[in-house]
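*Asks:* My structure is below; once you've seen it, I'll send some questions.
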Amino acid sequence: MLQIYKRFWQVNWAEHWQYRANLMMYVLYGLVSPVVYLAVWITIANSQGSVNGLTANDFVTYYLTMLVIDQIIADISQYYLADKIQDGTLSSDLLRPIHPVLTQTLIATTAQKALSFVALAPVWMILVLLFRPDFGAVTLASFLLTLPAVLLGAAIAFLLGVSVTCLAFWTTRVNAIIDLYDALIVLFSGQFVPLQLMPPAIQVVARYLPFQLFRYAPIETLLNHLSPADLARNYVLSAVWLALALFIFTRIWRAGVRRFSAVGA
Amino acid sequence: MRTLRLLSALFKLNLQLALAYRADIITDILLNLMWLGWELLGINIIFSNTTSLGGWKVGELIALLGVFRLVNTFMAALIWPNTAKFNASVRDGSLNYTLLQPVDSMFLVTFSRMVIWRAWDLVLATVLIVVGIRMTGSGVTAPNLVGFLFLSVSGTVILYSLWIVLIALTFWFVKFDNNVTILQALLDTGRYPSTVYPTWLRLIVTFLVPIAVATTVPLQALRGDLTGWQVLLFLGVGAASFLVASRVWKAGVRKYSGASA
């Protein structure tokens, strides 16, 4: 099994390496929006001292951490899976004695993320030099607590993301659904602004949704802004959503594949 | 006259293409409305925490959002789809047929694809601009309004000229599929006034990829931040960049040797 993963990894890495210029562009593309929001909030924080208790440095550390966390957690499986389902090339994957999503899609997205990371690192350094964040609040303990939070977030994001993509088994307009799903993530994850600045109603809903586990929770864990009670709550929420996501995915996948073979693509 | 007839023919062609996927049009418009909601929520969050963003009031930011959406619509309805078509036609050699037509090639390359449902976006953007200006209130004078309108057009012409130069570069460097990515990536900076950005970013979006010239600058004219000379200067830059772009395009077409011929 490990041998299979290793081989897939080598193939995917080589494929992505071919398109390294595109990958660099893709990384730069993802930087623009957070940097714009960062600039907006720094301006406001500097003009009145702080925003709702958040200083300019709080915003800088929040958005700079998000660039990294986002790169690890954000699910990109739609680019690998949706087309395969729609044009029928999934058929050949289904013939292999391994799970198409949990091996091929997972490894392809992980390889892309790993290589994007190589591209992001120097750009991130430059941003650090430009914005001069003070990461003094980060401790070894908070760093160690962030690792499982990031892994859990990535697992949930992946499973829910591929579940949404699997709706392509039923509809040809899956891209619109994915767009809608992405909009929910933007709204409830803290990608837009730190969640405490959102309208109260959204904050209440966000506490129970999985999306804050994709950005806000791991960022605030790393920056040491959470109480032990909040930390524990986030881990419990992660465990519940991981179980739910796994359940949703297996159900959708089974039903979808059955339907897929019925069409005879 | 001939140009208008051509435009309407291309419009009809693209309308027929779009009408084959009517349900998609509805979905696209609904998603578009949803993202507008998100953008307004963003402005709402900002102004529930402050009264001005670097000296800009809420009405001015809404008007800016309207201008940004005009530029964005221009890009999404014409520029991006025609870029895709152009890049493909360079690769497979079908650009030869475009060049052989007895019409200005720059015109054909710009208008052969249109995303029709985006016309709806023009309505939304206009509403945002009008509402924004209304909210700003008495500060708007007639000359400022005229300056705003002219600078919006000339700013878009500047972005268009940059696009022409970028795709014309394909004639020299054939493997240049990423020709517009930088433009696409930086477009989002047009949502907020470039005056709040750090200096390095402001320099990039003003001089290198002049998104701000089509979004922030017209709004500055509306606010009365610009002197008459500055307005004239920007208009001059607009005209000059268009001339340069059409020169570069002509030189590129002369240089082009065809992929399959």
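The values are calculated or read from the model by the stated rules, or taken from the named source; none is laboratory data. If you're wondering where the values come from, they're calculated on a predicted model, not measured in any experiment. Cβ: placed from backbone, ideal geometry, glycine included. Neighbour counts: every protein chain shown.
To keep it simple, each residue is scored yes or no on (1) modelled with pLDDT of 90 or more; (2) under 24 Å from B:A125 (Cβ atoms).
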{"position": "B:G155", "(1), (2)": "yes, yes"}
{"position": "B:L169", "(1), (2)": "no, no"}
{"position": "B:L203", "(1), (2)": "yes, no"}
{"position": "B:T215", "(1), (2)": "yes, yes"}
{"position": "B:A221", "(1), (2)": "yes, yes"}
{"position": "B:G224", "(1), (2)": "no, yes"}
{"position": "B:V231", "(1), (2)": "yes, yes"}
{"position": "B:V248", "(1), (2)": "yes, no"}
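*Asks:* A further question follows. Looking at (1) in contact (Cβ under 8 Å) with a residue 60 or more places away in the chain; (2) over 22 Å from B:L162 (Cα atoms), which is the one condition that is false for B:S246?
*Replies:* It fails just one condition, (2).
*Asks:* Another question about this same structure. Scanning for something under 15 Å from the mean Cα position of the chain (by Cα) and surrounded by fewer than 15 Cβ atoms within 10 Å (Cβ to Cβ), does segment A:109-120 turn up at least one residue?
*Replies:* Yes; the residues of segment A:109-120 include at least one that is under 15 Å from the mean Cα position of the chain (by Cα) and surrounded by fewer than 15 Cβ atoms within 10 Å (Cβ to Cβ).
*Asks:* Taking only segment B:219-239 into account, find how many residues are touching a helix residue (DSSP H, G or I) at 6+ places or on another chain (Cβ under 9 Å), closer than 28 Å to B:M135 by Cα and not aliphatic (A, V, I, L, M).
*Replies:* The total comes to 7.
*Asks:* Let me ask something else about it. Does segment B:93-105 contain any residue that is on the phi > 0 side of the Ramachandran plot, surrounded by 12 or more Cβ atoms within 10 Å (Cβ to Cβ) and not in a helix (DSSP H, G or I)?
*Replies:* Yes, segment B:93-105 contains at least one residue that is on the phi > 0 side of the Ramachandran plot, surrounded by 12 or more Cβ atoms within 10 Å (Cβ to Cβ) and not in a helix (DSSP H, G or I).
*Asks:* Restricting the search to segment B:36-54, which residues are part of a helix (DSSP H, G or I) and at the interface with chain A (Cβ under 7 Å from one of its Cβ atoms)?
*Replies:* Restricting attention to segment B:36-54, the residues satisfying the condition of being part of a helix (DSSP H, G or I) are B:36-49.
Passing the criteria: B:W38, B:G42, B:I45, B:I46, B:N49.
*Asks:* Considering B:S246, B:S257, which residue is in a loop (DSSP other than H, G, I, E, B), surrounded by fewer than 18 Cβ atoms within 10 Å (Cβ to Cβ), more than 14 Å from chain A (Cβ to nearest Cβ) and polar (S, T, N, Q)?
*Replies:* B:S257
*Asks:* Related question: Need a quick list: helices (runs of 4 or more DSSP H) entirely within segment A:150-265 having at least 1 residues that are among the β-branched types (V, I, T) and under 29 Å from A:V32 (Cα atoms).
*Replies:* Of the helices (runs of 4 or more DSSP H) lying wholly inside segment A:150-265, those with at least 1 residues that are among the β-branched types (V, I, T) and under 29 Å from A:V32 (Cα atoms) span A:174-188, A:200-206, A:216-222.
*Asks:* Another question about this same structure. Which number in (1) among the basic types (K, R); (2) touching a residue at least 60 places away in the same chain (Cβ under 8 Å); (3) more than 14 Å from every other protein chain (Cβ to nearest Cβ) marks the one condition that B:K57 misses?
*Replies:* Single failed check for B:K57: (3).
*Asks:* Could you please tell me which pairs satisfy a Cβ distance under 6 Å, a separation of 6+ or placement on different chains, a first residue in segment A:169-182 that is more than 11 Å from chain B (Cβ to nearest Cβ), and a second residue that is of a type in the set (F, W, Y) and assigned to a helix (DSSP H, G or I)?
*Replies:* Within 6 Å, the pairs are A:F169/A:F260.
*Asks:* Within segment A:24-60, can you find the residues that are of a type in the set (V, I, T) and not in a helix (DSSP H, G or I)?
*Replies:* Of everything in segment A:24-60, those that are of a type in the set (V, I, T) and not in a helix (DSSP H, G or I) turn out to be A:V51, A:T55.
*Asks:* Separate question: How many of the residues making up segment B:199-211 are part of a helix (DSSP H, G or I) and within 12 Å of chain A (Cβ to nearest Cβ)?
*Replies:* The qualifying residues number 7.
*Asks:* Determine whether A:L64 is at pLDDT 90 or above, in a helix (DSSP H, G or I), crowded, with 19+ Cβ neighbours inside 10 Å and within 14 Å of another protein chain (Cβ to nearest Cβ).
*Replies:* In short, yes.
*Asks:* Hey, any hits in segment A:113-126 for a residue that's without any contact (Cβ under 8 Å) to a residue 60 or more places away in the chain and within 14 Å of chain B (Cβ to nearest Cβ)?
*Replies:* Step one: filter segment A:113-126 for residues without any contact (Cβ under 8 Å) to a residue 60 or more places away in the chain, giving A:113, A:117-118, A:121-122, A:125-126.
Next, from what is left, pick out any that are within 14 Å of chain B (Cβ to nearest Cβ): A:126.
Yes - at least one qualifying residue is present in segment A:113-126.
*Asks:* Looking only at segment B:137-161, count every residue that is farther than 30 Å from B:N14 by Cα and either surrounded by fewer than 20 Cβ atoms within 10 Å (Cβ to Cβ) or small (G, A, S) (or both) and tell me the total.
*Replies:* Our first condition is that a residue be farther than 30 Å from B:N14 by Cα; within segment B:137-161, this holds for B:137-148.
Checking which are either surrounded by fewer than 20 Cβ atoms within 10 Å (Cβ to Cβ) or small (G, A, S) (or both) leaves us with B:137-147.
Qualifying residue count, segment B:137-161: 11.
*Asks:* Answer yes or no: is there a residue in segment A:5-20 that is surrounded by fewer than 18 Cβ atoms within 10 Å (Cβ to Cβ), in a helix (DSSP H, G or I) and at the interface with chain B (Cβ under 8 Å from one of its Cβ atoms).
*Replies:* No, there is no match, as no residue in segment A:5-20 is surrounded by fewer than 18 Cβ atoms within 10 Å (Cβ to Cβ), in a helix (DSSP H, G or I) and at the interface with chain B (Cβ under 8 Å from one of its Cβ atoms).
*Asks:* Checking B:D104 against (1) within 18 Å of A:P199 (Cβ to Cβ); (2) out of contact with any strand residue (DSSP E or B) (no Cβ under 9 Å at 6 or more places or on another chain), only one condition comes out false. Which one?
*Replies:* So the condition that B:D104 fails would be (1).
*Asks:* If only one of B:I79, B:I26 is of a type in the set (V, I, T), within 11 Å of chain A (Cβ to nearest Cβ) and part of a helix (DSSP H, G or I), which one is it?
*Replies:* Within the list B:I79, B:I26, the selection yields B:I26.
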